[in-house]
Each structure stands twice: as C-alpha cells, then as structure tokens.
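Some notes on the structure that comes next.
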Amino acid sequence: MADGLKKGIWIAAACLMLLGAVGALTGGVWTDLAPEEQKAFLVLLEPRAGIVLLMVMMACLVVAAAVNGLYANHVAPVRRMAEEIRLLLGANRERRLATTGALGELGEAVNELADQRDVLRLDVEAKIREARASVEEEKNRLAALMSELSQSVVVCNLDGRILLYNNRARLQFKALADGSAGALIGLGRSIFSVFERNLISHALETIQHRLKRAGSQPVANFVTTTRTGQLLRAQMAPVLSGAHEDGLTEVERTVTGYVLMLENITKNFETESRRDQMLQSLTEGSRSTMANIRAAVETLQSYSDMEPEQRDRFLGIIADEVRGLGSRLDLTMSDHADSMKVRWPLEEMLGMDLIAAAQRRIETRAGIRTKIEEVDENLWVKVDSFSLLQGLGYLANRLHDEFEVREVRFRLVPDGRMAHLDLVWYGATVSTETVMAWEMDPMTLGGEDSPLTLREVNDRHGGELWYKVEKVAHRAYFRLLVPVAMPQETVAASALMKGGSRPEYYDFDLFRQDGLDHHLDDRRLTDLTFTVFDTETTGLDPSQGDEIIQFGAVRIVNGRMLKAESYDQLVDPRRELTPESIPIHGISQAMLEGQPTIATVLPAFHQFCEETVLVAHNAAFDMRFLQMKQESTGIRFDHPVLDTLLLSAVIHPNQESHKLEAIAERLGVNIVGRHTALGDAIVTGEVFLKMIPLLAELGIHTLQEAQEAARKTYYARVKY
Amino acid sequence: MTRTILIVDDEPNILISLEFLMKREGFQVYTAGDGEEALERIAQHRPEMVLLDVMMPKKNGYEVCQIIRGTPEWQDTKVIMISAKGRDTEMAKGLAMGANAYMTKPFSTKDLVAKVKEMLEAA
C-alpha cells in the first residue's frame, strides 16, 4: 500500500474518532435535557452553527496535523531503517546504521549484529580457503607423485574423458602416435582414441561384477593392440564414490571412473616370441640332425661289411650334419643373445650415475679413495644397481684389506652390446687363484652380508668377469661386462618444466562433467574446451599456391591453458620459400627438409582439435588455408571458430588496433616467443582467457552469444 | 615275395641311411622328397608301408596321411610317422590323422626296423 494512502487512512480515522467523540458528547447532553431546555439550546445554538462547524473542522485539522507529525517522527524512520538494514545485508556489507536519534539504540544493536555477521563470514571464508588450499595441495601432491611413477597412469571418468595422466603416459602415447594421427592423450580427451569402447565397457562390467562379490579384487586386466600395432597391457581399477568413512560398504559405493595402468609390452612380446623361436630351432631343429647322424652311425655300426664308397658316404653325412648343427648353434647364439640375457629385471641407468654411486659407496664404507679414469658420459647401462654396487664395494674392500690398495679407479666404456666396467688399481698384484676364490665367496662390506657371490652378480647381468694384470703399467683391473641400454628419452625433464611449477596433468573437475552431448552453442565459454592455434605460411594467398609450413596449438580445458598439451609441427610445403618470408616466420628451407607433408600433418592436427572449439587470431586467414586442403586431404574443419581479433573489437570497439601485440599489451599479457606458430598460439590463448570475463561483463556468456557478437562487429564485415 | 616300403623325407641325409638300411633288411625301397612326390609314388607302387616325415615342403606329413586314409584302396597301407616334433600334442595329432605309429627323431634304427617288421607281420 502506498505510503501516502496509509497516512491518509490514519488521518481520516483520527478525524472520524474526533467527530464521533463530539457527536457522542452532544448526543449525551441532548438526551439529558428537558424538552424546553432543548428548545432553549437550539435557540442558543442556531445562530452560532457556523462557528461550531468551523471549530469542529479546526479540531479535525489539528488532529490531522498531530497524526502527520506522529507518522513522520515514528513510522517513517523505521521504514528508512528497514531499507538501510537491507542495504547492509546485501549490496554494501561495510555500511553501518546511524546511532543517533530516536532509533539510535536499535541502530546500535543492528550494527553489532552486522559486525558479528562479518566476523563469522570472514571466518567461514577463511576456512573454505584453507580447505580448498589443502585439497589443491593434495591434488598437486598426487599429480606430482603420479608424474614420478615409471608406469603409465591414466584416470578417466565413466564417459571415458581423461582426468589425469602422468608424464610417463604422455611420453608413451607420444611414442605410439609417432607424429602422425594416432592415440592422443590430453585432459578432457576421450580414452577411446586409444582403446575400443567395448573393451573398456567389458572391463568395467567385470569390475562391477567383482565389486558385488565381496572379497574379490575389483580390478580387470586386458591386453590390446593399438591402431599403430603396439601391444598394450592394461590394468583397470575403479574410482569409487564416497569414502569408507561415510559408512558405505564396498558394494554400496558406485563407480565414478577408473584408473588405467598401462604398459607397452610390444617389446617384451617380441622378446618372448624370439625366445620361443630359439627354443624351437634348438629342439626340433636339432632332433632332425640327431636323427640323421644317428641313422648314419647305426648303419655304419650294423653293416660293417659295406663297400668303402658306401662307408665314405655315411661318414660324409655325419660330418655334414655336425657342421650344420655347429653353425646353427652359432647363429642362434648371436641372434638370440639379447633374449637369453634378460632373465633378471635390470634397470636402465646413466653410466655416470652408476659410477658416482659406486664412488660414494666405496669411499664411505671402505674408506678407499676413488677416481674416474674414463667414463663415457652418454652411456646408459642396464644393471641391477644394488647388487652391482655391492659387488664393486666388496672387491674394493678385499683389495684394501688383503693387499693394502688405497685407491681404485673406474673406467666405463662401451664395446658393442656390452660395456666394460673396470675397477683399476696400481701396485699390488693378486694371483688368479685368489681372484677365483673372491668370485665364489659370499660378499661382505662394512658389516653388511650378502648371500650373493660376485659370480652370481655377474650372471644377473648376463656378462662376464675377469681379472687382468698390465705388468708394464704396474696396474691390474677387474673387468665386468654389463649390458648397454638404449639412451632414454631426455624430453621427460624438459617437458615437465614446460608446465612451470604446477603440474598440468590432471583436472578432477572433469569428474563432474559428464554427458557432453548438449549442444556446444549453449555451453558457457568457461566450460568449453578450446584449441588455440596459429599457422605460419609461405605467403598470404593460398589460392596462389601459398602453403602452411608450421602448426602451433595449445589446449584450453576448464579455463586453464595446458601448455604441456601443445602441438608444434613443421610441414614440408613441397615448394621453395620466398626469401622475403623467411624473416617473418624464421623458418629456413633446411628446417623443412624431411618434415612430413600436409597430407600427414592435417589428419594429426584434426585429431588434436577433436571435439573442441577452434580459437585463432584473425581466424579467417588460417581457416582459409585449412579449407583449401579440404578437397585434397578429405579432412574437414567444421569446428566452431572464435576469432580473438573480432572478440577484441566487441570488447573495445573504440580502439584503433586489434593486432595481437596491441591486444596483449592492453590486457597485460606478456609476449614471449612470438612469430613461431606455437608462441603466437600461446599468446592468443592467454589473450582469449583474459577476454572471457570481459565478455561476461557485456552479457556474453555462451559460445553462440560470442559468435553472434563477433559477427556484428565492423571487422567481421571486412573480407580477407 | 619282397615287401615294399616308401620312405618320405625332405632331408636326403636320412633318406640315404634309411634306404640302405631297409634294402639290407630285404625290402623293395622307394623314396620321395616331399608330400606330393610321396602321393605319386604311393599311387604308382602301392607300398605296404610308408615311413612319413611330418615337416616337408608342398604337402606335410599330416596331409599326406589324411589323403592315404581318405583313399579307400589305400586303406591297408601302414603308416609310421617320423618327426622332429616331439610334443605329445603333435603325436596325438599324427595318430588322429591315421598313422599306425609315431616315432620321434632321433630314433634308433634297430627300433625302427623292429617296428616295421612287427607291423607288417601283424597285417
């Protein structure tokens, strides 16, 4: 009800009460009067009726003024105060009420309440922050832990979206894809690019089944071949909702995702089959030979009366077969040497590290000086480092104890399949018999006994062990042959550095994101997955034969740029670069030699962009190059596209320049490594991330809204 | 009457010994170096006994044995398989294909002669 009307009703009511009182008074007096007195009263009143009426009206006015005053002094301030309290409740939490005037005390009480509220609120916020930080820390710790594992780990939600993967998995999949289109790993990507959907569903069913049967391990194992023909062994374990503390039993908890532990067993498998082949050739192959020899020998024995030529023939057979068997054995040995050696699980290790560890051990435990005589810095060896270090320490110790050797030196040099690991010393000569005994004794060093002998350590490495004296140089050495390993990928460390301090291999928020079916158009920009990309080209006009020579791209998942999931690829354009273009992109003809052509790269890049929105600066330019290739490669880029140039024009319509540098500077994005495709893609991505909240301020939240706004800008009407 | 025997093996070194051996034991001996040649010889000479190697080019011993057992007029032909494949599964297969006996290489020539004689006398 309107304030004025309410006040009017109050005034009218007060006036009515006044009139009622006057009326009642007059009526009471009137009935009390005798008839002649009533007449006299009328005579008295009649001429003065005007005055009486005026006085009554005056009285009404006075009452109205009084009510008005009361209202203004007592009702209005309360209402104002209510408004102010509401303000303090929501819009302006800092605001406090006046503590003077009639309602001062009330104001004070409200202020106290507000203060209390603020304290509580800050407290709650602090607690939330704390909790969030500890969860974040735990997540980071988990991710860091995972990235250290030497086994590939991938965590997926039930839709098969990847929520976490470790560095090992990344490297493994990279090796699987081998530059061309293949298994791709990335946050939010589908695991089904690696594994068949049915295979995963089947494994999940197995797990569900086992969960229901208490007591059985809810894991599933399977082996599968990838598109590139590699053999992967996977173990799947469920990620269950709720924890035991919630009082749920294993059966009640539902599966929300799964952990896959992967191992590429292609190599093992090949080794196994080679070993099988070897067994086969040694058994069945030898049987025939033995049969031939035996038949010949027995014939010779049984029929001693045979002709000399006949006898020579049989002897010839025997000689021939024995020769054949010998050479076959040699061949088997050399062909299968590797597979005969890998009995004991050996770890790959940088030779330098092995020697350094041996030095530390010998110096601290045996108190002997050590030196490096010659170590190949790039050599990787395959060793059981624990027992090998024990062995070296043991040898040094016996040399010290029994022959007073004070210093030993190390040599580690490759020699074909094996490396020479030498323990060298000067002066004392040890007899071969003594060394033989050392080899067979259980090893001890610094009070630590080992059940192993040096010979057994050597056997584990499938090597040999010998002792040699160099009389002229007054020195002697033990030589251990240990297997050489292939150098390990050194990308691991640099790839980890790429992401900065924070690992980018997980995003557990994706757990909640299931069913990505609803259309991209209506999804919020903050929830979408983007591929931000840039290309370098030979020139500006694809219709005149200009070609793409470099792709660079990064992914944005859940509002985070994943620099570790970048795409960086040179492309052989099958034409000469023009000299004037070289300073722009910094790519020389030599760099493009041996690079794949667009026919190989485009499918791989298309797969990298799968199920994402493309973002580029001046996207129309890059898209035109991609579209020119549609016919020849059959690859269509029909992804939704956002252009940072147009979006910039939406946000700052009055700015003159919408060049990438200008926007980056405006939005406070540091520019590093520009004018490589990947460098530009990263800058574009960072610019785009800054734009999302600015667009939201303009009421642009969804993909469709962003695309429409961009279409309406002036720049969109310019043709490239 | 001289009894006839066909020896089939792709390794000449064993053929020489077995041929000599069987001749000395008084058999009429024919030889073949692969599965197809073996079938030709059987059709041509109708031997009473076939010594059949398993691993051979063109047709292996299992196939040859199957064909022998699938041909009605060759039903009486005795087959001894001799093979370097010594696993029990392979022996089972040989017998299932219709061989009368299976000998694993290397075998004793005495045993082989004894086996051949025993089987022919039983017939």
Can you pull the one-decimal nm distance between simple spin-label points at A:S273 and A:L89, each 7 Å off the Cα toward Cβ?
7.6
Points 7 angstrom from Cα along the Cβ direction at A:K371 and A:T526: gap in nanometres?
6.8
For the range A:58-65, just list the computed ³J(HN,Hα) in residue order, Karplus coefficients 6.51, -1.76 and 1.60, θ = phi - 60°, integers in Hz, with x standing in for Gly and Pro.
4, 4, 4, 4, 4, 4, 4, 4
If amide H atoms are modeled at 1.01 Å from N in the peptide plane, then the residues at a separation of 5 or more from A:T597, or on another chain, having amide H under 5 Å from its own are A:D572
Of the options A:A133, A:F637, A:V383, report the single residue whose Cα projects farthest towards the positive end of the charge dipole of the protein assembly as shown (beta-carbon charges: Lys, Arg +1; Asp, Glu -1).
A:A133
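Pairs to check: A:K563/A:K690; A:K371/A:K468; B:K59/B:K110; B:K23/B:K110; B:K93/B:K115; A:K382/A:K471. Give those whose C-alpha atoms are more than 22 Å from each other in this structure.
Working: A:K563/A:K690 16 Å; A:K371/A:K468 19 Å; B:K59/B:K110 28 Å; B:K23/B:K110 14 Å; B:K93/B:K115 20 Å; A:K382/A:K471 32 Å.
From A:K563/A:K690; A:K371/A:K468; B:K59/B:K110; B:K23/B:K110; B:K93/B:K115; A:K382/A:K471, over 22 Å: B:K59/B:K110; A:K382/A:K471.
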Output ordering of A:314-323, A:571-580 (per-residue mean of other Cβ within 10 Å, highest first) is A:314-323, A:571-580
Residues B:I67, A:I587 in order from fewest to most other beta-carbon atoms within 10 Å are B:I67, A:I587
Given the candidates A:V22, A:H658, A:S152, the one whose Cα lies deepest towards the positive end of the charge dipole of chain A, counting +1 at each Lys or Arg C-beta and -1 at each Asp or Glu C-beta, is A:V22
Can you compute the modelled spin-label distance between A:Q208 and A:S588, with each label point 7 Å from Cα toward Cβ, in nm?
6.0
Between A:M418 and residues 5 or more places away or on another chain, the pairs with built amide H atoms under 5 Å apart involve A:V484
Shielding by partners for A:294-307, please: the mean number of other protein chain Cβ atoms within 10 Å of each residue's Cβ.
5
Each residue of the range A:6-20 in order: what ³J(HN,Hα) in whole Hz does its phi give by Karplus 6.51 cos²θ - 1.76 cosθ + 1.60, θ = phi - 60°, with x for Gly and Pro?
4, 4, x, 4, 4, 4, 4, 4, 4, 4, 4, 4, 4, 4, x
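Based on Cβ point charges of +1 for Lys and Arg and -1 for Asp and Glu, what charge dipole magnitude is obtained for chain A about its Cα centre, in debye rounded to the nearest 20? Mind showing how you got there, number by number?
Working: 78 positive and 101 negative charges, 244 e Å.
Using only the charged Cβ atoms, the result is roughly 1180 debye.
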Test item: A:278-291 mean partner chain Cβ contacts at 10 Å
5
Does the range B:4-116 classify as rounded, prolate or oblate by the C-alpha gyration tensor (a ≥ b ≥ c root eigenvalues; a/c under 1.5 gives rounded; else a/b over b/c gives prolate, otherwise oblate)?
rounded
Taking H as built 1.01 Å from N, whose amide H comes closer than 5 Å to the amide H of A:I265, not counting residues under 5 places away?
A:L231, A:L232, A:R233
Does anyone have the angle between helix A:308-341 and the longest principal axis of chain A? Alpha-carbon axes, 0 to 90°, nearest 10?
30
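Can you show me the helix-derived [θ] at 222 nm for chain A, built from DSSP H runs with n ≥ 4 at -39,500 (n - 2.57) apiece and divided by the number of residues, rounded to the nearest 500.
Computed mean residue ellipticity for chain A: -16000 deg cm²/dmol.
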Exposure proxy check: A:F41, A:F608, A:F551 ranked by fewest other beta carbons within 10 Å?
A:F41, A:F608, A:F551
Quickly rank B:46-59, A:89-102 as a protection proxy: mean count of other C-beta atoms within 10 Å, highest first.
B:46-59, A:89-102
Given unit charges at Cβ for Lys, Arg (+) and Asp, Glu (-), the dipole magnitude of chain B about its Cα centre in debye, nearest 20, is 240
Residues of the range A:38-55 with amide nitrogen under 18 Å from the 7 Å Cα-to-Cβ point of A:D32?
A:38-42, A:45
What shape does chain A take by its C-alpha gyration tensor, where a ≥ b ≥ c are the square roots of the eigenvalues and a/c under 1.5 counts as rounded, a/b above b/c as prolate, and the rest as oblate?
prolate
Residues of B:101-113, mean number of Cβ from any other protein chain within 10 Å of their own Cβ, rounded to a whole number?
4
A student applying the Cα gyration tensor rule (rounded when a/c is under 1.5; otherwise prolate if a/b is larger than b/c, oblate if not) would label the range A:347-485 rounded
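Throughout, read-outs are computed from the coordinates displayed, never taken from laboratory work. Model, not experiment: these values are computed from the prediction. Positions of Cβ are generated from backbone atoms using ideal geometry, with glycine treated the same way; all protein chains shown enter the neighbour counts.
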